Amino acid sequence: MALSGIQIYKMLPQTNCKECGFPTCLAFAMKLAAKQVELSGCPYVSAESKAKLAESSAPPVRLITLKGIGIDVKAGNEVCLYRHEKTFYNKSGLFVRIKSSQTDIAAQVARADAYKVTYVGIDFTVDGFAVEADDPSKFAEAIKAVRAATKRPLILISSDPAVLSAGAAVLPGETPLLCGATSANWEAMAEVAKTAKAALAISGDSLDELADLTEKIKAKGVEDLVLAPGGKTMGGSLILATQIRRLALKNFRALGYPMLTMPGNAGSPERESLLAAQAITKYAGFVVLDKFSPELMYALLVLRENIYTDPQKPIQVTPGLFDINNPKPESPVLVTTNFSITYFSVANEVEGSGLPARLLVVDADGMSVLTAWAAGKFDAERIAKAVKAFGVEAKTNKKQIVIPGHVAVLSGELEEELPGWEIRVGPREAVDLPAFMKKAL
Ligand code: SF4
C-alpha cells in the first residue's frame, strides 16, 4: 500500500544533509510519496527502512533511460492518467527507423540528426534512431554507420537474440533499447539484455502475456523493461495503452513500465501520423517513425510539447530588455509580458518588419497580457519596476514606452509611476505593431 509523505519521512534519517538534492528529508519524502524520485536518491536509508519503503516508493511507471554518447532519452516516472491531474514528466522519445539493408544510411541519419526547429524559444530535435535488422548480415555495419552520424540513443530491432547481441556489442558503454522479447525468445533475449546492460522491449498480444513476460524476465535479472503492446487498430492500441497505464497507476507492478509504439507498422503515412499523435497523447514512452519527415516531425513535436508542459506552469521567457533589429537610442520601447507565446508573437512581428525596437518583457508570472492584467500580475507598478530594473532609461533618449492596446487603462497610473515618461498605447494585436510603428512612432 502506498505510504504518505509523513509515513515515509519517519523512516528516513531526518538529518537534512541535502545529498538527495532536496533541502530536507521531508521534501524528499514528499517527492517519494508522489513517486517522482527513487529511494536510491538517499544513500543513508537503513536496510530495514529500505525494505519497507522499496515497494511503496517505486514509481508506478519505471524510469527507463536510454543512453547514447552524451545524450539520454528518458521515459517513465509518470504518476497520473490525465495530464490535468498533475503533469506528464518524460516526453515521448521520437525515433526514426533505419533499416540495415539501406544504402544511404549516413545521409538519412545525418539529415534527421541535423533537424532543429525553435518553437516558442524551445529547440526541438529528433530524439534517436531505431536500427532494424531487416538484413541481419548488415546489422552491425548499419549500427556503426548510424553511430558515426549521430550521438543520439539507439533502439535495435530484431527477433533474433544472436543478431541483437552482435548489434549491442557495437555500442559499448551505451544503453540501447533491444526490441524485442516475445513468448518465443524471452529467455535468450533476457540474457542478451543482461550482458549488454541494455533495456529490453517486450511484445505480447494481450496484457496477460505481457505481464507474464515481464515477471519472468525480471526474475532473470533484467529490470529495465519496455512494453510494446501493439494493437492492430487505433481503438485497439488506445485501449491497451490506457489499460496498461491505469493498471500501472494502481501499482500493478508487472505492467509498470513505459511503452514503445511503432506507428509506421500501420501501413500508410496517414495512419502513421494519426497513430503517432495518439501514442504521444496516450501514453507512449518511445515512438518509432518509419521515415524522417520534417513536416510530420514538427507537428508531432509541437503536439508533444503541448501535452508534456506542466498545465499549472505557463511556458515563460526570462523577463528583460531585448534588442530587435539593432535598435538605436531613438528606437521605440515596446512593453509586453513574459508568456512565451505573447513574447514570440510580438518579437516575431517586430523582427519581421525590419524596424528597430527594444522589447521590455515584464514578469507577469508567464501570463498573456489580458490574463495577467485581470489577475493583477501586469499593472503599472510592475511595468514601472521593470523599466527601472532593466535600465531602460539608459538605453533610450526618448523616455517613451508603448504599452499593449489591451491595457490602455493602465496609461494614467503608469504616468504617475513613471513621471516624465510618455506613455503611448499601441495596438491590441501583435500583428498590427509594424503598421503602428511606421505611422505613429
Ligand atoms: S539524502 Fe537522505 S538524509 Fe540526506 S536530506 Fe536527503 S533524505 Fe534526508
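For the pair region 156-218 and region 1-47, the centres of their Cα atoms are 33 angstrom apart. Each DSSP beta bridge with both residues in region 64-308 is either parallel or antiparallel, and the antiparallel ones are about 20%.
When the Cα atoms of region 328-371 are aligned to their principal axes, the ranges along those axes come out at 30, 19, 13 Å in descending order.
Each peptide in 231-241, 354-364 was scored by the mean count of other Cβ atoms within 10 Å over its residues; highest first, the order is 354-364, 231-241. For region 80-128, a crude dipole built from +1 on the beta carbon of Lys and Arg and -1 on the beta carbon of Asp and Glu, taken about the Cα centre, is about 120 debye to the nearest 20. First measure r as the distance between the Cβ atoms of GLN243 and LYS52, then evaluate 1/(1 + (r/R0)^6) with R0 = 41 Å and state the FRET efficiency to the nearest 0.05. That gives a FRET efficiency of 0.85. Along the Cα→Cβ direction, 7 angstrom out, place labels at ALA34 and GLU429. What is the inter-label distance in nm? Label-label distance for ALA34 and GLU429, simple model: 3.9 nm. Using just its DSSP H runs of length 4 or more, each adding -39500 (n - 2.57), the chain gives a mean residue ellipticity at 222 nm of -11500 deg cm²/dmol after division by all residues. The residues neighbouring PHE390, those whose beta-carbon lies less than 11 Å from its own, together hold a net charge of +2 under the Lys/Arg +1, Asp/Glu -1 convention. TYR343: net charge of surrounding residues, Cβ under 13 Å, Lys/Arg +1, Asp/Glu -1, itself excluded? Around TYR343, the charge tally is -3.
Dipole check for the chain: with +1 at the C-beta of Lys and Arg, -1 at the C-beta of Asp and Glu, and the Cα centre as origin, the magnitude is about 520 Debye. Would you look at the GNM of the chain, springs on alpha carbons closer than 10 Å, and say which of TYR283, TYR257, TYR82 moves the most? Comparing TYR283, TYR257, TYR82 in the GNM, the peak value goes to TYR82. For the peptides 126-136, 30-40, residues were scored by their other Cβ atoms within 10 Å and the scores averaged per peptide; the highest-first order is 126-136, 30-40. Modelled spin labels at ASP205 and THR125, positioned 7 Å past Cα toward Cβ, are 4.1 nm from each other. Most tightly packed first, judged by the mean number of other beta-carbon atoms within 10 Å of their residues, the peptides 64-70, 117-123 read 64-70, 117-123. Remark: C-alpha extents of region 5-57 on the principal axes read 24, 21, 17 Å, sorted largest to smallest.
For the pair region 385-441 and region 230-253, the centres of their Cα atoms are 53 angstrom apart.
Of all beta bridges that DSSP places with both ends in the chain, some 25 percent have antiparallel geometry.
Label sites at LYS385 and GLN7, each approximated as a point 7 angstrom past Cα along Cα to Cβ, lie 4.2 nm apart.
Under Stokes-Einstein, with the Kirkwood radius over Cα pairs as Rh, the value for region 320-440 at 37 °C and 0.692 mPa s is 235 µm²/s. Maximal additional length on extending the TYR115-LEU370 stretch stands at 88.3 nm, based on 0.36 nm per residue less the C-alpha distance. Can you spot the lysines whose alpha carbon is less than 16 Å from LYS151's alpha carbon? Ignore those fewer than 8 places along the same chain. Result set, ordered by chain and number: LYS67, LYS74, LYS116.
Considering all C-alpha pairs of the chain, those separated by over 34 Å amount to 47%. Gain on full extension, evaluated as 0.36 nm per residue between SER101 and ASN265 minus their Cα-Cα distance, stands at 57.3 nm.
Laboratory data are not the source of any read-out in this text; all were calculated from the coordinates shown. Remember, predicted model here, so these are calculated numbers, not experimental data. Quick reminder, even Gly has a Cβ in these numbers, built from the backbone with ideal geometry, and neighbours come from all protein chains shown.
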